[in-house]
């Protein structure tokens, strides 16, 4: 009886390939889902970012114009004080 017990311990165990590749399948599935989600999120955020850039450019132009006017006024005031 002891011999039979020892033989059972060292018998090769056959594991279904699905279980061996289950971890890889989960990884690839997560990667694919992440790519799909990322593409949808990018498509959603792209027009919002474009609008924000457009608004920032307009604000920058206004700010530069105000700085230019301020500089001209300060130069004009400094000329009158020195003369």
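A few comments on the model shown:
- Residue in the stretch 4-17 that is at pLDDT 60 or above, in a helix (DSSP H, G or I) and out of contact with any strand residue (DSSP E or B) (no Cβ under 8 Å at 6 or more places or on another chain) present: no
- Unmet criterion (only one of (1) touching a helix residue (DSSP H, G or I) at 6+ places or on another chain (Cβ under 9 Å); (2) exposed (fewer than 10 other Cβ atoms within 10 Å of the Cβ)) for residue 48: (1)
The values are calculated or read from the model by the stated rules, or taken from the named source; none is laboratory data. In this text, all values refer to a predicted model and were calculated from it rather than measured experimentally. All Cβ positions, glycine included, derive from the backbone under ideal geometry; neighbour counts span all protein chains shown.
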